[in-house]
Amino acid sequence: MSDFALRLSGVTKRFGSHTAVDHLDLEVPRGSIYGLLGPNGSGKTTSIRMIMGILLPDEGRVELFGSDPDETRRRRVGYLPEERGLYRKMKVLDLLAFMGEIRGVAPTEGRRRAGDWLDRLGLQDWIDRKVEDLSKGMQQKVQFVATVLHQPELLILDEPFSGLDPINQDVLEEIVREFHRKGTTILFSTHLMDQAERLCERVCLISRARKVLDGDLKGLKRAESRGVLAVGFEGSEGWLEGPEVMAREAVGGDYHLVLADGADPQAILRRAIAAEVTIRRFELVEPRLHEIFVHHAGEAAAGDGGMPRALDGTGGVG
Ligand code: ADP
Ligand code: MG
């Protein structure tokens, strides 16, 4: 039995002259919770569509549970597409029973499971209403139920949190954690780095169709532990700029400076002293995912799809 629920090797997709996914290698270990992260337009959805067989790769190979994907193996996957869409005229419970049946769940059992999920998600009063009567957020929860009803071994969720209010994001996050605890393998895409940071064991950061880096999140943070300098001060800001500093971000009244490779924090400190500012804080800190991304892909790439800042609660669109 393969240790990987999913493996991509050299997977490439071109749309005309535009390369949407460029030689992507990805290994998702069984039982892991894995984040595919990158700004809008970086190629996450295209990669997932190739995994699901909706698009064919121009090059490379996708392996599902250790072999070429086929109908039987794809049935072991629960897939939440980015474009949400349910039969609008059907009643919620009927629809879920129907979706379950397509995936091999007997209708009585499907209704039972769907009923339990709808209770849990606060939709118990909506089971006999038509899908079109539900709000967007409610429809998204129903679609999530449809994704998990057949108890898949592997969940592939494309931007599962987008479009949900913060409370429902938390609810979904907790459910995803629960699936993880029960042994389900989870791959989800997001441009929301803070969410990924809370949830993932492993991450793959992509930018402009290419993998920037991947691996175990704790290991990546350790490897970058000399990369981010937190500074707090009173006074002018000009000294923050210099060849050592790749990017800076306001974080709770201080700044986080993403350092260039081999940069010497002492050089920055000397500039601060020359500028006669009062230093409150000056220390290397554990980088956040966003800072790791900036360090490897550059600030311009991070800004592609409006990804950064919004991610870390320092402003911007949420
Ligand atoms: P993400 O999910 O990371 O936001 P996508 O995979 O949706 O990114 O898109 C990656 C790139 O491929 C984008 O530049 C997008 O415009 C382009 N793209 C995606 N699907 C198509 C398509 N069907 N035809 C042409 N270009 C596409
Ligand atoms: Mg997408």
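The values are calculated or read from the model by the stated rules, or taken from the named source; none is laboratory data. These figures come from a predicted structure and were not determined experimentally. Cβ: placed from backbone, ideal geometry, glycine included. Neighbour counts: every protein chain shown. Accessible surface areas use protein heavy atoms only, side chains included; no ligands, DNA or RNA. Shrake-Rupley method; radii C 1.70, N 1.55, O 1.52, S 1.80 Å.
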- Determine whether the range 128-141 contains at least one residue that is open to solvent by 20 Å² or more (accessible area, probe 1.4 Å), out of contact with any Cys (no Cβ under 7 Å at 6 or more places or on another chain) and on the phi > 0 side of the Ramachandran plot. no
- Message: Kindly evaluate residue 186 against the criterion of being free of Cβ contacts under 8 Å to residues at least 40 places away in the same chain and farther than 18 Å from residue 85 by Cβ.
- Response: no
- Evaluate the following for residue 194: is it within 16 Å of ligand 1 (Cβ to nearest atom), under 14 Å from the mean Cα position of the chain (by Cα), among the charged types (D, E, K, R) and within 30 Å of residue 18 (Cβ to Cβ)? no
- Message: For the structure I just gave you, tell me whether residue 19 is closer than 30 Å to residue 129 by Cβ and polar (S, T, N, Q).
- Response: no
- Inspect all residues belonging to the range 181-190 and state whether any of them is assigned to a helix (DSSP H, G or I), away from ligand 1 (no atom under 16 Å from the Cβ) and assigned by TED's automatic domain parsing to the domain that holds residue 263. no
- Inside the range 209-294, counting only strands (runs of 3 or more DSSP E) that do not spill past its ends, which hold 1 or more residues that are in contact with an Asp or Glu (Cβ under 7 Å, 6 or more places away or on another chain) and closer than 30 Å to residue 24 by Cα? 210-216, 228-234, 245-251, 254-259
- Note on the structure: Result of the Cβ filter at 8 Å on the range 55-69, keeping first residues that are within 13 Å of residue 154 (Cβ to Cβ) and partners that are modelled with pLDDT under 95 and of a type in the set (A, V, I, L, M, F, W, C), at least 6 apart or interchain, is 66/1
- Within the range 8-123, which helices (runs of 4 or more DSSP H) (wholly inside it) include 1 or more residues that are within 16 Å of ligand 2 (Cβ to nearest atom) and open to solvent by less than 80 Å² (accessible area, probe 1.4 Å)? 44-51
